[in-house]
Structures are given as structure tokens and as C-alpha cells.
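Undergrad: One structure, as C-alpha cells, below. Some questions next.
The values are calculated or read from the model by the stated rules, or taken from the named source; none is laboratory data. Every value quoted in this text rests on a predicted model; they were computed, and no experiment measured them. Using ideal geometry, Cβ is built from the backbone for each residue, glycine included, and neighbour counts are taken over all protein chains shown.
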Protein chains: 2
Amino acid sequence: MNLAADFKEIDTKLYRYMLKELTQKDNKCHDCKDISCAAAVLNSNQLDLVSSNSQESLFKKGEVILNEGSLTSHIIYLKAGIAKEYIKGTGEKERILRLVKKHSYLGLPSLFGDRINHYSYSALEDCKVCYIDINVFNGLVRENGNFAYEILVSTSRDSLSNINRFIHRSQKKIFGRVAEAILYFAKIIYESDEFELPFSRQEFADLIDVSRESATRVLLKFNSEGIIQIKDRSLLVVNMDLLEQISRKG
Amino acid sequence: MNLAADFKEIDTKLYRYMLKELTQKDNKCHDCKDISCAAAVLNSNQLDLVSSNSQESLFKKGEVILNEGSLTSHIIYLKAGIAKEYIKGTGEKERILRLVKKHSYLGLPSLFGDRINHYSYSALEDCKVCYIDINVFNGLVRENGNFAYEILVSTSRDSLSNINRFIHRSQKKIFGRVAEAILYFAKIIYESDEFELPFSRQEFADLIDVSRESATRVLLKFNSEGIIQIKDRSLLVVNMDLLEQISRKG
DNA sequence: TCCATGATGTGATTTAGATCACAAATATAT
DNA sequence: ATATATTTGTGATCTAAATCACATCATGGA
């Protein structure tokens, strides 16, 4: 073997590796598998700008990602994991507004509303997020109407579905609410009729605004009637149709 | 007097008048006293485009402006008057989401969400509205990022305040809710501690999601305790501080 | 004018679901 | 392991507010 040739080969590999690393760093958003619908309409220069003004970060299950009342300096994009959006009420009780799945921005209405975060977010699973400088983000909205349009579509959909949930909830009795929550997990969050609840019964109750005791009772009633099978935090929907009927009829 | 000269003068006046009329028609948005914050950032060409693709219309008190379930072909801007935003529940009961004051667009989230109107609107006072073609409107969003930004700000604020109301309402007992509604009229809608309720007790109750009877009882209790003075539909807030306390404490 | 229809006020009754008060099971720390 | 805290399940009260059932009081049309 030729030592010089060996070195050359190693050198080449190293060079390629470093080049790839550097390229990835500079183009991290270009190659991102988890890019948002909105960012997908940005041009190459605009993506470069985002790349050099964003930062990835990880959160362990249970950690707080963002606290209500704080000032918005960066917009947060959820690349992976599930987070809960909530507000801390008076005392111990918290109100869970919704769960946020990956590929969503956190707290957009707060950014455009008054720059103060109105909701808190914490990780229900390990989460990967991207911080993007808000001036860069706002600049892109003003510079690229198509980007702005996508952001509008996403905030509008969120707004409609939030209000929809609130309105229908206030008309529903407790059975309807529990059914609604189960369907929310099965159809929207996990898209499967079998899943693990990502939190305690107390939090389940906080999500539908009933007491912990009542939520438990109804969950066990559904279980004994064979509509669902629940054991600790693992849940299987047995009779989806009936559950939907209960949710609709309230 | 010289008849010819007279005619000439009349002619000139007529000419000027017609010119003004025509000019106003072509530049109706340019001269509009009720232009939206968003439209204020449009350039002259873009305003021309809006001018020639919009149409003013009047609604009498009580008339339905827009019906939920309909497809959006035009965006509606409220130039004058007050409208109620509501959804028709099952049966007779309707849920009033909020009142909309002049200088607001109606149903923006529906436009960007899925193009189907989610809420109904009816006039609580005589209303003047402007219809704008949605393709023109969407075109402006995509073409002018600053316009899009203003629309985002306005939809975001609406979203935050709606959700805020829903969240706090669900924590409040009936006294807090009635107090909240009175403050809503005094501080936000009429900006005066004396005003006429624009609708019946039933609708007042629909706004805060309590029964008509309960709403009446609390209103009369506040009256007898000297917190407010209410006679038919005219209402005077006597003790604003106390009302705010009641609203906050729930 | 009178009748019909709807909007209001008010007491009596009912009820859904919160709250309380534990027991059992599970997880966490020492 | 043992002790301590947290999460869950379950029955027994309690209560706020809906519902029911009328009595007035307006309003508007024939």
C-alpha cells in the first residue's frame, strides 16, 4: 500500500465530511425534513436568512417550552413531539387549550397581537423546536405575501377550530365532553384508535374543563359499557360510532 | 342678464358636479373616511383595484348580513353600525360570539380557513358594509406583505380576545358573567357608562351563555344594589369599580 | 278597538356535576 | 427495603343555575 495515497483518500473523506457538515449548517433549512408549509414558499435567499437566524433546541418530556407573560423575542416552531398549550389559572388549576402536534408554530396570535405570550407550552413528549428571530420572521411576512398568506391560513384554521371546540363544549354535558376528548386523541392527535394518554387524569379533566372525579367516573363508565378499553394510560376505542354519537348529542 | 352666460354657468356647475360624482365613483376608496387600517397601507393602484371591485350596501336593523354555511365570494367590511356574530345552535337557541363594531372585516378566519362561513352576522343597528371580491382581496394579501401583516394583526387580536373571553367565562359564576357583559358594553362597544342595550334579555343571556331567567335576576339584583340602573333597555353603570371586581373575582 | 304574540319578571322545583372525604394503588425518594 | 408523596377510584353531600310554570307588560296587526 501507498501511504501517500492512503492519506490522500482519508483527506478526501475528511474534506467531503467537513464540506457536508458546513453545507448542512449553512443550508439547514433547505434540507429540513420538517419544514413548515409556510417556509416551503420562501425563496432560496429567504431560506438562507432563516437558516442563519434560527437555532434548534431540544426539550425533555415535561419541560416548559414557553411561559405565558413573557415577551416574544423568537418565534418557536415545533419540529417534533407533542406539546400542550395551556394557561395557569388562579391557584393550582390550569386550563389546557389544546395539544400542538409537530410542524406548527407556537403562539403566532400572541406575536401579531401584542408580542406578549398569552399561553404557556410544555412538552408532553420529547420535543425538538426551532427558534427563529421575530424580526426576521416579520420581515418575511412583509416581504413575501405568499408566506404571509400561508401564515394567515394556519392561524385562521387554528382560530376556527379553537372557537369551535369552545362553543360546542359549552353546550355539552359531561359524557359528550369526555367522548369529544377521546375522539380528539384518536382522530386528530394520534390518528389511531389505540394510544397512550400523554398525561394524568387531572390533565385530561383540565382539557375538557370538568372535575378530575367526574372525568374518571365517565371514563370508567365507557369502559364498563364496552365503548372503550382503558387500563392506566393506555386506551383503545372499541365503538367509534357510538362515541361519535355521544360526542355529537352532548 | 345674459342668458347665454347663465347657461354657461349652469353648464359649468353641472359639469363640475358630474365630474365630482364620477371621480368619487372611481376613487371611492381613496376618499373613504372609514377605510380599514389594512387598506391604508395599499398603494394608489391597489386602491383603484379595490375601488373597481367593491360595492357598498346597506342593512336595516335586524337584517341578516351573512349566513353561516354559505360560501365566501366576497369579503365584507363593516363601514358603519354594529353587528352581532353568532351561530345558530340546535333548535331556537343561538350562541352570540361577540359584537362587531364598524371598521372591521366580517369572517376573515372563515375566508382563509376553508372559504365556508362559520358564523352568521346580523345588524343590531342600521349598518353600512362594503363587499370586496375575494380574489382581489387574496391577490392583495399575496402582493402586498404590509397589507397581509395588518390583516394578520387584526385576525390575531380577534382570536386572542375571543379565546380570552371563552376561557375566563368558563371559570366564572353567573354574577361574574353578567358583570363582564355589562363591562363589555360600557368599555368596548359603546365606550360610555350609559347606553342602550341593543337587544333583548334573551340575547343578552345568549351572549354570556346563561338562561334568560338567570340573567334577568342578576341584572335586577345589580339594579337593586345600586351597582347599575336599568330600565327596559337603557342601562347606566353607577359603580364601575365594584362591577370590575365582580367580573374579576367571578 | 281588541286580540294575538312576544318580551319580561318571579317563585318553586329539579338536577348535573362540583366538592368533600377517604381508600387503594403507584411512583419516588431516603 | 421503607417511608413519603402522588395518582387514581368511589361513595356521600351540596349547590348553582337550569328548567318549569305562570303573571304581567308591551307591541303590532286586523
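Undergrad: Look through B:Val129, B:Val141 and report the one residue that is over 21 Å from the mean Cα position of the chain (by Cα), assigned by TED's automatic domain parsing to the domain that holds B:Gly62 and either crowded, with 17+ Cβ neighbours inside 10 Å or modelled with pLDDT under 95 (or both).
TA: Going through B:Val129, B:Val141 in turn, just one is over 21 Å from the mean Cα position of the chain (by Cα), assigned by TED's automatic domain parsing to the domain that holds B:Gly62 and either crowded, with 17+ Cβ neighbours inside 10 Å or modelled with pLDDT under 95 (or both): B:Val141.
Undergrad: On the basis of being among the charged types (D, E, K, R), within 12 Å of the chain's Cα centre (by Cα) and on the phi < 0 side of the Ramachandran plot, does A:Glu94 make the cut?
TA: Considered against the rule, which asks whether it is among the charged types (D, E, K, R), within 12 Å of the chain's Cα centre (by Cα) and on the phi < 0 side of the Ramachandran plot, A:Glu94 comes out as no.
Undergrad: Only one residue in A:Leu207, A:Leu197 is surrounded by 18 or more Cβ atoms within 10 Å (Cβ to Cβ) and within 12 Å of DNA strand D (Cβ to nearest atom). Which one? Break it down stepwise before answering.
TA: On the way: A:Leu207 fails: within 12 Å of DNA strand D (Cβ to nearest atom).
Result of the check over A:Leu207, A:Leu197: A:Leu197.
Undergrad: Here is a further query. Within region A:109-123, restricting attention to residues that are within 11 Å of chain B (Cβ to nearest Cβ) and buried (at least 22 other Cβ atoms within 10 Å of the Cβ), which residue is nearest to A:Ser51 (Cα to Cα)?
TA: At the first step, the residues of region A:109-123 found to be within 11 Å of chain B (Cβ to nearest Cβ) are A:109-119.
Those left that are additionally buried (at least 22 other Cβ atoms within 10 Å of the Cβ): A:109-113, A:119.
Details: A:Pro109: 23, A:Ser110: 23, A:Leu111: 20, A:Phe112: 22, A:Gly113: 25, A:Tyr119: 27 Å.
Residue satisfying both the conditions and the ranking: A:Leu111.
Undergrad: Go through region B:202-217 and give me each residue that's free of Cβ contacts under 8 Å to residues at least 24 places away in the same chain and not in a helix (DSSP H, G or I).
TA: If the condition is that a residue be free of Cβ contacts under 8 Å to residues at least 24 places away in the same chain and not in a helix (DSSP H, G or I), then B:Ser211 is the only one that fits.
Undergrad: Scan region A:167-174 and give yes if some residue there is away from chain B (no Cβ under 13 Å), within 16 Å of DNA strand C (Cβ to nearest atom) and part of a helix (DSSP H, G or I), otherwise no. Quick ask: steps written out before the conclusion?
TA: In the first step, residues of region A:167-174 are kept if they are away from chain B (no Cβ under 13 Å); the result is A:173-174.
Filter once more, keeping what is within 16 Å of DNA strand C (Cβ to nearest atom): A:173-174.
After this cut, where a residue has to be part of a helix (DSSP H, G or I) as well, the list is A:174.
Yes - at least one qualifying residue is present in region A:167-174.
Undergrad: Count, please, the residues in region B:40-65 that happen to be out of contact with any strand residue (DSSP E or B) (no Cβ under 8 Å at 6 or more places or on another chain) and either in a helix (DSSP H, G or I) or under 15 Å from B:Tyr131 (Cα atoms) (or both).
TA: The number of residues fulfilling the criteria is 10.
Undergrad: Something else now. So which residues in region A:202-216 are more than 14 Å from chain B (Cβ to nearest Cβ) and more than 11 Å from DNA strand C (Cβ to nearest atom), if there are any at all?
TA: Listed by number, the residues that qualify are A:Gln202, A:Glu203, A:Phe204.
Undergrad: Any residue at all in region B:178-196 that is within 25 Å of A:Lys173 (Cβ to Cβ) and more than 16 Å from DNA strand C (Cβ to nearest atom)?
TA: yes
Undergrad: Which residue is nearest to B:Arg115 (Cα to Cα), if the candidates are limited to region A:152-189 and must be among the aliphatic types (A, V, I, L, M) and within 16 Å of DNA strand D (Cβ to nearest atom)?
TA: A:Ile167
Undergrad: Restricting attention to region B:234-250, does a residue exist that is within 8 Å of DNA strand C (Cβ to nearest atom), surrounded by fewer than 16 Cβ atoms within 10 Å (Cβ to Cβ) and either under 25 Å from B:Ile167 (Cα atoms) or without any contact (Cβ under 8 Å) to a residue 60 or more places away in the chain (or both)?
TA: No, there is no match, as no residue in region B:234-250 is within 8 Å of DNA strand C (Cβ to nearest atom), surrounded by fewer than 16 Cβ atoms within 10 Å (Cβ to Cβ) and either under 25 Å from B:Ile167 (Cα atoms) or without any contact (Cβ under 8 Å) to a residue 60 or more places away in the chain (or both).
Undergrad: Which residue pairs have Cβ atoms under 6 Å apart, sit 6 or more places apart or on different chains, and have a first residue in region A:135-147 that is at positive phi and a second that is buried (at least 22 other Cβ atoms within 10 Å of the Cβ)?
TA: Once the first residue is at positive phi and sits in region A:135-147, no partner that is buried (at least 22 other Cβ atoms within 10 Å of the Cβ) comes close enough.
Undergrad: Within region A:124-166, restricting attention to residues that are charged (D, E, K, R) and outside any helix (DSSP H, G or I), which residue is farthest from the other protein chains (Cβ to nearest Cβ)? First the steps, then the outcome.
TA: Quick first cut of region A:124-166, residues charged (D, E, K, R) only: A:125-126, A:128, A:133, A:142-143, A:150, A:157-158, A:165.
From the residues that got through so far, the ones that are outside any helix (DSSP H, G or I) too are A:125-126, A:128, A:133.
Details: A:Glu125: 24, A:Asp126: 28, A:Lys128: 25, A:Asp133: 16 Å.
Across region A:124-166, the extreme among qualifying residues is A:Asp126.
Undergrad: Moving to a separate point now. Return the pair list, or none, for Cβ contacts closer than 7 Å from residues in region A:176-201 that are within 14 Å of chain B (Cβ to nearest Cβ) to residues that are within 16 Å of DNA strand D (Cβ to nearest atom) and in a loop (DSSP other than H, G, I, E, B), at least 6 apart or on different chains.
TA: Sorted first by the residue in region A:176-201, then by its partner, the pairs are A:Gly176/A:Gly250; A:Arg177/A:Val210.
Undergrad: Anything in region B:73-104 that is within 12 Å of another protein chain (Cβ to nearest Cβ) and in a strand (DSSP E or B)? List them, or say none.
TA: The answer is B:Glu85, B:Tyr86, B:Ile87, B:Lys88, B:Glu94, B:Arg95, B:Ile96, B:Leu97, B:Arg98.
Undergrad: In region A:218-233, what residues are more than 8 Å from DNA strand D (Cβ to nearest atom) and either in contact (Cβ under 8 Å) with a residue 40 or more places away in the chain or out of contact with any Lys or Arg (no Cβ under 9 Å at 6 or more places or on another chain) (or both)?
TA: Selection gives A:Val218, A:Lys221, A:Phe222, A:Ser224, A:Glu225, A:Gly226, A:Ile228, A:Gln229, A:Lys231.
Undergrad: Identify all residues within region B:220-233 that are part of a strand (DSSP E or B) and more than 11 Å from DNA strand C (Cβ to nearest atom); write none if there are none.
TA: Passing the criteria: B:Ile228, B:Gln229.
Undergrad: Could you run through region A:191-250 and say how many residues are on the phi > 0 side of the Ramachandran plot and more than 21 Å from the chain's Cα centre (by Cα)?
TA: 3
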